[in-house]
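See below for the structure under consideration.
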Amino acid sequence: MKSKKTLFEKVWDEHVVVPESADTPAILYIDLHIIHEVTTPQAFSLLREQGLPLRRPDLVLATMDHSTPTTPVASFKDLEIVGDGAAMQVRQMEANCQEFGIELLGFGSAERGIVHVIGPELGATQPGKTIVCGDSHTSTHGAFGALAFGIGTTEVGHVLATQCLLQRKPKTLAINVKGRLGHGVGAKDLVLGIIGKIGVNGGTGHVIEYRGDAIENLGMDARMTVCNMSIEAGARAGLIAPDDTTYEYLKGRPRAPQGKDWDIALKRWQQLYTDEGASFDKSVDIDASKLKPMVTFGTHPGMVVGIDDPVPDHSSDPSFRKALSYMQVEAGKPMTQTSVDVVFLGSCTNSRLSDLQEAARVLQGRRIADGVRMLVVPGSQQIKKAAEDLGLDKVFIEAGAEWREAGCSMCIGMNGDTVGRGKLSVSTSNRNFEGRQGMGARTVLASPMTAAASAIRGTVADPRPFLES
Amino acid sequence: MQAVKIIRSRTVVMPTTDIDTDQIIPARFLTTTSREGLGQHLFNDLRRDSDGRDKPDFELNSPEAGDCQVLVAGNNFGCGSSREHAPWALLDYGLKAVISTEIADIFRNNALKNGFIPVVVDQKTHEHLLANPGIDVTIDIEQSTLSIADDLAVQFPIDSFSRFCLLNGIDQLGYIRQQSSAIEKFEESRPWKP
Ligand code: SF4
């Protein structure tokens, strides 16, 4: 066994039930399995078909977020689910959880929210755990030094039945981020800058560890934003070593260890760092101080530019031309000339309290432009409540935005919240794929501050002038 | 899963790069609780116009594409969401393999578990395939080879365990369950409990 290990290797090694060989992958134990209504029905069917019990219902965290409506309601009894398919998924999730003895944070639960928001918020996400979910943005939980990755529905079935997964050990990629992020430049800009640099397949086959002083200076919400988008660089997972910021965040959360157990856990967590002299398969250096607010101009998250930089010109590449024509964007001009129809503030990338606060700082005392629709969708019911306690809902509503219930909403457009054909949205979510926010929708990914500034201007806009006063 | 040994077919070429799983099957078709019938929505927004009519210039709509089982796609296929609905839709449509220079991790994993074969080839082979739509190919799982028009044969990487499962139609869950005593031992003996 290697004496110098990376953080990833430490977590991996602790969870190997059966080591890998040339002929067989490792069997890896899973500490936390988060499930939602969209990628689980077929997995529960598998258990039923094979007559298998659920091995560890106590290690499952279940909620509903993707197909669920976010329209403001007085009571969840009045909720109308858009579409028969979505309604069926929601009902089946309730039935499956009941049948297999899983506690469901469903409608009416004050703890319901987006899978990747509530895991950390409840303190279920902890350093050194292995965490999976049938959702690629499970990489979010890596912000706590957990090994967390998305799986398919067949694998969801494997974990339900055995609490284990078959896995080949991935390679490691160190992303070293030095320097200080400038004023008006946040974690979203940082991760978009990273993906722009290494490309949407730059991390394929690898687990990323984000390192360096720029990462250490980030709060937990910001670290989650960075790890969240690891998958957009093709990586399996993204990790950040836990430190005092992590422990402070977790302390006292309902599912975090309490009392003496906390002290024991803390000792263990403090060992979770990459040993001096341990080696990575690849490494990349980034200077955070050089970054501007970043926006995407094309149809994947690697097609990204600084807010006032011209859109590059690769017109010899047919896929590039196709992306620009879909987006109705011109090479050579900055994105700030593009007019905006919809602004979406939400998703597991940017729907936490600090994201809402950043956007509210820009919107405070201002109005969004005529003709722009802005949706603010908190990541969880708890965040919604915390924001209301701070009066943020009023800032948004007075600015002319819609204040919604928690859920995935327009990030994926499965619940009826869509941008509209041909319309352009500035979105704090993570994917600008063709049609991701509804058929024909054109998506510009941006930070909460940039999204808020764009709502005010009615064009893609630099947030920095709004922060000066 | 049914055993898959050899796939012989003409190719259909879709040169677009970075085809993500949202394009393979748009999210609004994920509100299903079954794996069946997703083929009708495969590439929906690329394949059909906004009135639901087939776009004549989309490669899979050409008459020659009719019985092709092998898709040649541009660089980096299958990135994005972890939805297993993507390989389910491809298989349900009648496709059995995809060839590209790079295939995203989660998609590849999901594909292999369902008997859909991801074939990664080098740039030169890829260019040859892109330039010759409709060419005959043979994908031999046992040998891990791709033969093009019966002569050029190239190796492609496939994890030996996945190959074994494909050739024998083995369900991977059964394999994990055989290790249940190791799992129990692990749970009992680990120094901390989640
Ligand atoms: S917010 Fe978007 S990316 Fe996150 S879990 Fe929901 S659909 Fe997936």
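Summary table below
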read-out: Share, in percent, of DSSP beta bridges within the protein assembly as shown that are antiparallel, nearest 5; value: 35 percent
read-out: Shape category assigned to the stretch A:201-254 from the gyration tensor of Cα positions, a/c cut at 1.5; value: prolate
read-out: ³J(HN,Hα), Karplus 6.51/-1.76/1.60, whole Hz, each residue of the stretch B:174-179, x for Gly, Pro; value: x, 5, 5, 5, 4, 9
read-out: Amide H within-cut-off set for B:LEU30, under 5 Å, with H built and near neighbours excluded; value: none
read-out: For B:LEU60, A:LEU445, A:LEU324, order by how many other beta-carbon atoms lie within 10 Å, fewest first; value: B:LEU60, A:LEU324, A:LEU445
read-out: Total formal charge among the other residues, if their Cβ is under 14 angstrom from that of A:GLY186, Lys/Arg +1 and Asp/Glu -1; value: +2
read-out: Prolate/oblate/rounded label for the stretch B:6-189 (Cα gyration tensor, a/c 1.5); value: oblate
read-out: Amide hydrogen neighbours beyond the local backbone of A:GLY238, cut-off 5 Å, H modeled; value: A:GLY142, A:ALA148, A:ILE208
read-out: Dipole magnitude of chain A, debye to nearest 20 (Cβ charges: Lys/Arg +1, Asp/Glu -1, about Cα centre); value: 460 debye
read-out: Global geometry of the protein assembly as shown, whether rounded, prolate or oblate, following the gyration tensor of its Cα atoms and the 1.5 cut on a/c; value: rounded
read-out: Ranked list, fewest to most other Cβ atoms within 10 Å of each Cβ, for A:HIS33, A:HIS314, A:HIS137; value: A:HIS314, A:HIS33, A:HIS137
read-out: Neighbour-count order for A:ARG442, B:ARG53, A:ARG464, A:ARG91, fewest beta carbons within 10 angstrom listed first; value: B:ARG53, A:ARG91, A:ARG464, A:ARG442
read-out: Positive-end residue, chain A charge dipole about Cα centroid, Cβ charges, pick of A:MET335, A:GLY123, A:ILE412; value: A:MET335
read-out: Within-14-Å neighbourhood charge of B:ILE117 [Cβ basis; K, R +1; D, E -1]; value: +3
read-out: Counting DSSP beta bridges with both ends in the stretch B:6-189, the antiparallel % (nearest 5); value: 50 percent
read-out: Karplus-derived 3J(HN,Hα), 6.51/-1.76/1.60, for each residue of the stretch A:315-327, Hz, glycine and proline x; value: 5, 6, 8, x, 5, 5, 4, 4, 5, 5, 6, 4, 7
read-out: Under Karplus coefficients 6.51, -1.76 and 1.60, residue-wise ³J(HN,Hα) of the stretch B:187-194 in Hz, glycine/proline x; value: 4, 6, 9, 5, x, 9, 10, x
read-out: Whole-Å distance, taken between Cα centres, linking the stretch A:219-245 and the stretch A:1-67; value: 20 Å
read-out: Violating pairs (Cα-Cα greater than 26 angstrom) within the set A:LYS171/A:LYS322; A:LYS282/B:LYS193; A:LYS10/B:LYS185; A:LYS10/A:LYS260; A:LYS251/A:LYS292; value: A:LYS171/A:LYS322; A:LYS282/B:LYS193; A:LYS251/A:LYS292
read-out: Translational diffusion of the stretch A:190-322, µm² s⁻¹ [Kirkwood Rh, Cα pairs; Stokes-Einstein; 10 °C; 1.306 mPa s]; value: 93 µm²/s
read-out: Length-normalised contact order for chain A - Cα pairs under 8 Å, 6+ apart - percent; value: 17 percent
read-out: Simple Cβ-charge dipole of the stretch A:184-320, Lys/Arg +1 and Asp/Glu -1, about Cα centre, in debye nearest 20; value: 540 debye
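Taken together, the values in this text are just the output of simple stated rules run on the coordinates, not laboratory data. Owing to the predicted nature of the structure, the values given are computational and were not obtained by experimental measurement. Note that we place each Cβ from the backbone using ideal geometry, even for glycine, and neighbour counts take in every protein chain shown.
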